[in-house]
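J.: Quick one: structure below, then a few questions.
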Amino acid sequence: MAATLELMHLAAPDPALFDARRLEGEIRRGAPPVAAYREALALGREHLKQAFDMGAGIDGLCAQRAWLIDQILVSAWREAGLDPGRFALLAVGGYGRGELHPGSDVDVAILTGTETLDEEHQRIAGYVRFLWDIGLDIGHSVRTVEDCGTEAGSDITVMTNLMEARLLSGSPALYRGMREATAPDRIWPPAAFFEAKLAEQTARHARFHGTAHNLEPNIKLGPGGLRDIHTIAWVAKRQFGAESLRGLLDHGFLSEDEQRVLSAVQSFLWRVRFALHLLAGRREDRLLFDYQRHVAARFGYGDQEGVQLGVERFMKHYYRMAMELRQLNEMLLQLFREAILESQREARIEPLNKRFQVRNGYLDARHDQVFERYPCALLEVFLLLQQHREIEGVRASTIRLIRDHRHLIDDKFRKNLKSRALFMEIIRQPRGIGHELARMHRYGVLGAYLPVFGAVAGLMQFDLFHVYTVDVHTLFVVQNLRRFSDPESAEATEMCRRIMAQLPKPELLYIAGLYHDIAKGRGADHSELGGRYAAEFCNDHGLSHFDARLVAWLVEHHLLMSMTAQRRDISDPEVINEFARAVGDRVRLDYLYLLTIADIRGTNPSLWNSWKDALLTELYDGTLRALRRGVRNPLEREEWIAETKGEALATLMRSDLRKEAILSVWRILGEEYFVRHWPDEITWHTEAIARAREEDLPLVLIREMTRRGGTEIFIYGKDHDHVFATTTWVLDHLGITIMDARIIRSPDGYSLDTYIVLEAGTHQAIQSEGYSREIVTVLRERLRGAAPVELKVNRRLDRQLRHFRIPTEVSFSDDPANARTAMEVIATDRPGVLAQIARAMRFCGVRLQSAKVATFGERVEDIFYITDAHDRPVEDPLKLECLRYSITTALAQP
């Protein structure tokens, strides 16, 4: 075997892992080399898997995996017959540093002193092809030493890869030449390298929304993932020559405790990654739903009945480890900044007060005893950052002091009037509240000051609705609330800005946002318990009794507006009046409206869409109107209808339609129609119906964007029980999601069906005129048939949905005010759900009057207002049982 340099900490030969003599013997006895090498690799992988299952140390396993690949590559290299004086085989990247997991890429560099001859080129190509044939995922490059310097100088990724290089076989002189060509005195001096890696990390974090607390985190590339450790190690190696994390301790950048924590985090992430690769049978660095339960079980996290799932406990541990890493990463990179970028500059120091100063743009404690002498300064740090927006961040030495003195935040600290006043001042600041609360959380201060918040740190809910942990979701909600007062924020609507500007005390909204989910994971009603916690906070922090009651009410009722808008028929005046009575006054309405929007947007970025915006706006406007009349003087149904008709008629009279023609159409529509449609919709429908001829039916009209926040499809024609079933099948087939359906049947045998829809892929209104024309054409063609048409649903079941099975529930309740029956269906979301329910309704002989469609992650919660064939409430128990059985059976099919 040729000379090998810098094997570092790699494992010693282990015959059970790789037996060179056995491999050579197999080949001598006539075994095909590809098969023999494949078997050697398989035996090695199985040995490592068994060792992992037996609890072997992860550091050793990764090194052994690298050693195994070393033996395979060097053995095959010898057979390639390349001149060891003219070539060198290097391990680079993660393989070079000996960090090799079961599915990791195997990156190699082949160095040559001169341009390769044709025969040598063929030998190299054959060598690489052989490695692919035996099952290795090889990444390779062939370069001269000069090429290495040139390409690494122009590409930070190439530079980083070569920094990790180990010589496996071949010419030591070429290896040393590559080292010299890529040394810091030639290319990428430490300052430039540091700035490039910092920018790289910033961009990488942004791709994951700046948080490790995603539902399916990437344990390698996400914030708080292994790449954050790599970034630290690369900068330390480039500047200080540190070859391991231990080297940071030797160079004075880490304390013993910090080095222990960093090593523990690395070992944990390595174990998770090793397990993921074994489960997937390939490289997989995303902790997907597909694997979370399996990894949790492998690591011993069992379910606690009635308390918490094992997977939730495992993920909570993961998120807390990721947060620890983010803290250390931030501190170390700041230390490197000071050592690399600022060491040669004269310090610019601006005093702020007796405790803090600004050093080169960063907040700095003036002495090491600041927090011991004045514990409240642990909160003052964040207030100063809010008040002085020119400060770029916190110096690493001060971050370390904060970490080392968090234990001072105890009951005495929390009861201190100065501490409470400082925290309220942070909440009341006009800028930076979301940013600084997030920093407080990152440094471990927020959870220490508010233990109830600390209890939800890293708490996930194993579903698709909540894509962030409770703590991160909460901080996103507060940030969303703050953006409502930012004139430059693209996320704040004009209505949100206007209402926010009118709030008498925005800090009450921020407190409600901070506490709205704080009681999750405690087994009780989190809204009610959270309201009690919020009231206690307000009383402790000197808020008035009125303010404390308002905040507690907001927390207790933070779901009221979204549930009313999405699950009730808000076109019904009685629903509006009932909601107005629950809210009571405009102050509560304003606060609740803003909290509701911030909460939805902070739960899952894909949840917010124009339809939800329009729903909440409609509910807000209707409630405000009811409150202005007074809750004891509600708007009656007759008044509602009269006002709606009056506004629609005024518009229609400006058209060429005669009043007699308009009223003729209206006489066949019935009062229910005017309750459930807006004047602009009535105008649109009336003009179309009045001008339609019998041969034009069914009419299918489409408006691509309406004030209801989606595309509106209007269907008018002869009443058939299959219309709804056919429509749902067609729209599902075309990739359209129905958000709202209103079905009106006229006394003379016609139906008026209105659907608000969004594109299934984008969750937005339909943008393409061609797409709209296709929908109209297909619907008209299918609805002209005398029987229902079922089309194949093209959309596939989402990968994530396969891991959630919600038992289908069908329940019924009376809606006497509207002479109909409410049917609620709870089930697992999947393509075709609504069409299956429509088919069941037709089979059981019931009619749909209205539908409210709501999806929460993997959970469908749809409400259908139905009648029998005579437009009366469904009271026949056989029909109700028919619906329950048919829907449950249909949705149970795979």
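The values are calculated or read from the model by the stated rules, or taken from the named source; none is laboratory data. The structure presented is a predicted model; accordingly, all values stated were derived computationally and were not measured. A quick note on method: Cβ atoms are made from the backbone with ideal geometry, for glycine too, and the neighbour counts reach across all protein chains shown. We work out accessible area using only protein heavy atoms, side chains counted, and drop any ligands, DNA or RNA first. Shrake-Rupley method; radii C 1.70, N 1.55, O 1.52, S 1.80 Å.
J.: Could you tell me how many of the residues in the stretch 378-416 are of a type outside the set (D, E, K, R) and outside any helix (DSSP H, G or I)?
T.: Counting residues in the stretch 378-416 that are of a type outside the set (D, E, K, R) and outside any helix (DSSP H, G or I) gives 7.
J.: Could I ask something else about it? Could you say whether any residue in the stretch 627-637 is closer than 22 Å to R588 by Cβ, at pLDDT 90 or above and of a type in the set (A, V, I, L, M, F, W, C)?
T.: Yes: the stretch 627-637 contains one or more residues that are closer than 22 Å to R588 by Cβ, at pLDDT 90 or above and of a type in the set (A, V, I, L, M, F, W, C).
J.: Out of (1) at negative phi; (2) open to solvent by 10 Å² or more (accessible area, probe 1.4 Å); (3) touching a helix residue (DSSP H, G or I) at 6+ places or on another chain (Cβ under 6 Å), the odd one out for Y468 is which?
T.: (3)
J.: I want to confirm something. Restricting to the stretch 160-190 and keeping residues that are open to solvent by 20 Å² or more (accessible area, probe 1.4 Å) and touching a Pro at 6+ places or on another chain (Cβ under 9 Å), which single residue is nearest to Q239 (Cα to Cα)?
T.: P190
J.: Scan the stretch 540-571 residue by residue and report those that are open to solvent by less than 20 Å² (accessible area, probe 1.4 Å) and acidic (D, E).
T.: Passing the criteria: D547, D569.
J.: Taking the stretch 578-602, which residues are open to solvent by less than 10 Å² (accessible area, probe 1.4 Å) and touching a residue at least 40 places away in the same chain (Cβ under 8 Å)?
T.: Across the stretch 578-602, the qualifying residues are F579, A580, V583, Y591, Y593, L594, L595, I597, A598, G602.
J.: Please go through the stretch 14-70 and give me each residue that is of a type in the set (K, R) and open to solvent by 20 Å² or more (accessible area, probe 1.4 Å), ordered by number.
T.: The answer is R21, R22, R28, R29, R38, R45, K49.
J.: Limited to the stretch 276-312, what total is found for residues that are in a loop (DSSP other than H, G, I, E, B) and in contact (Cβ under 8 Å) with a residue 24 or more places away in the chain?
T.: 11
J.: For the stretch 103-116, how many residues are surrounded by 23 or more Cβ atoms within 10 Å (Cβ to Cβ) and within 41 Å of the chain's Cα centre (by Cα)?
T.: Result for the stretch 103-116: 2.
J.: What is the residue count in the stretch 394-409 for residues that are of a type outside the set (A, V, I, L, M, F, W, C) and touching a strand residue (DSSP E or B) at 6+ places or on another chain (Cβ under 9 Å)?
T.: Of the residues in the stretch 394-409, 3 are of a type outside the set (A, V, I, L, M, F, W, C) and touching a strand residue (DSSP E or B) at 6+ places or on another chain (Cβ under 9 Å).
J.: Does the stretch 700-744 hold any residues that are touching a Pro at 6+ places or on another chain (Cβ under 7 Å) and acidic (D, E), and which are they?
T.: D732
J.: Taking the criterion of being out of contact with any Leu (no Cβ under 7 Å at 6 or more places or on another chain), surrounded by fewer than 22 Cβ atoms within 10 Å (Cβ to Cβ), closer than 29 Å to P605 by Cβ and not polar (S, T, N, Q), would at least one residue in the stretch 511-522 satisfy it?
T.: no
J.: Can you tell me how many residues in the stretch 705-737 are of a type in the set (A, V, I, L, M), within 20 Å of Q849 (Cβ to Cβ) and open to solvent by 10 Å² or more (accessible area, probe 1.4 Å)?
T.: 1
J.: Of the conditions (1) out of contact with any strand residue (DSSP E or B) (no Cβ under 8 Å at 6 or more places or on another chain); (2) in a helix (DSSP H, G or I); (3) closer than 30 Å to K237 by Cβ, E346 clears all except one; give me its number.
T.: Among (1) out of contact with any strand residue (DSSP E or B) (no Cβ under 8 Å at 6 or more places or on another chain); (2) in a helix (DSSP H, G or I); (3) closer than 30 Å to K237 by Cβ, E346 violates only (2).
J.: Say whether the condition of being part of a loop (DSSP other than H, G, I, E, B), aliphatic (A, V, I, L, M) and over 30 Å from F268 (Cα atoms) is met by at least one residue in the stretch 129-150.
T.: Within the stretch 129-150 (the criterion being part of a loop (DSSP other than H, G, I, E, B), aliphatic (A, V, I, L, M) and over 30 Å from F268 (Cα atoms)), the answer is yes, since at least one residue qualifies.
J.: If you don't mind, there's one more thing I want to ask. In the stretch 416-448, what residues are within 26 Å of the chain's Cα centre (by Cα), more than 15 Å from L384 (Cβ to Cβ) and of a type outside the set (A, V, I, L, M)?
T.: Residues satisfying the conditions are G434, H441, R442, G444, G447.
J.: Do you know which residues across the stretch 701-752 are of a type in the set (G, A, S) and farther than 21 Å from L834 by Cα?
T.: Within the stretch 701-752, G717, S746, G749 meet the criteria.
J.: Scan the stretch 491-502 and report the pairs whose first residue is farther than 12 Å from T617 by Cα and among the charged types (D, E, K, R) and whose second residue is part of a helix (DSSP H, G or I) and modelled with pLDDT of 90 or more, with Cβ atoms within less than 6 Å and a gap of 6+ or a chain change.
T.: E491/R483
J.: Just wondering, is there one or more residues in the stretch 320-333 that are under 24 Å from A212 (Cβ atoms), open to solvent by 20 Å² or more (accessible area, probe 1.4 Å), in a loop (DSSP other than H, G, I, E, B) and of a type outside the set (A, V, I, L, M)?
T.: Checked the stretch 320-333: no residue is under 24 Å from A212 (Cβ atoms), open to solvent by 20 Å² or more (accessible area, probe 1.4 Å), in a loop (DSSP other than H, G, I, E, B) and of a type outside the set (A, V, I, L, M).
J.: Sticking with this structure for a sec: In the stretch 467-485, what count of residues is obtained for those that are farther than 16 Å from I427 by Cα and either without any contact (Cβ under 8 Å) to a residue 60 or more places away in the chain or in contact with a Lys or Arg (Cβ under 9 Å, 6 or more places away or on another chain) (or both)?
T.: Qualifying residue count, the stretch 467-485: 2.
J.: Search the stretch 236-250 for residues that are in a helix (DSSP H, G or I) and pair each with any residue that is among the β-branched types (V, I, T) and crowded, with 18+ Cβ neighbours inside 10 Å when their beta-carbon atoms are under 7 Å apart and the residues are at least 6 apart or on different chains.
T.: Every condition considered, the pairs that remain are Q239/I340.
J.: Go through the stretch 698-710 and give me each residue that's within 18 Å of V723 (Cα to Cα) and either among the β-branched types (V, I, T) or at pLDDT below 90 (or both).
T.: Scanning the stretch 698-710 gives V700, I702.
J.: Could you list, in sequence order, the residues of the stretch 751-769 that are crowded, with 17+ Cβ neighbours inside 10 Å and modelled with pLDDT of 85 or more?
T.: S751, L752, D753, T754, Y755, I756, V757, L758, E759, A765, I766
J.: I would also like to ask the following. Give the residues of the stretch 117-156 that are within 39 Å of the chain's Cα centre (by Cα) and under 23 Å from D70 (Cα atoms), sorted by residue number.
T.: L131, W132, D133, I134, G135, L136, D137, I138, G139, H140, S141 - these are the residues of the stretch 117-156 that are within 39 Å of the chain's Cα centre (by Cα) and under 23 Å from D70 (Cα atoms).
J.: Which residue, of V833, V846, V810, is without any contact (Cβ under 8 Å) to a residue 40 or more places away in the chain, buried (at least 19 other Cβ atoms within 10 Å of the Cβ) and among the hydrophobic types (A, V, I, L, M, F, W, C)?
T.: After ruling out the rest, the residue left standing is V846.
J.: Taking the condition of being within 30 Å of V295 (Cβ to Cβ), modelled with pLDDT of 90 or more and aromatic (F, W, Y), how many residues in the stretch 1-56 meet it?
T.: Qualifying residue count for the region: 1.
J.: Go through the stretch 861-894 and give me each residue that's of a type in the set (F, W, Y) and open to solvent by less than 40 Å² (accessible area, probe 1.4 Å).
T.: The answer is F864, Y865.
J.: On to the next question. Mind counting the residues in the stretch 351-377 that are assigned to a strand (DSSP E or B) and closer than 22 Å to D410 by Cα?
T.: Within the stretch 351-377, residues that are assigned to a strand (DSSP E or B) and closer than 22 Å to D410 by Cα number 1.
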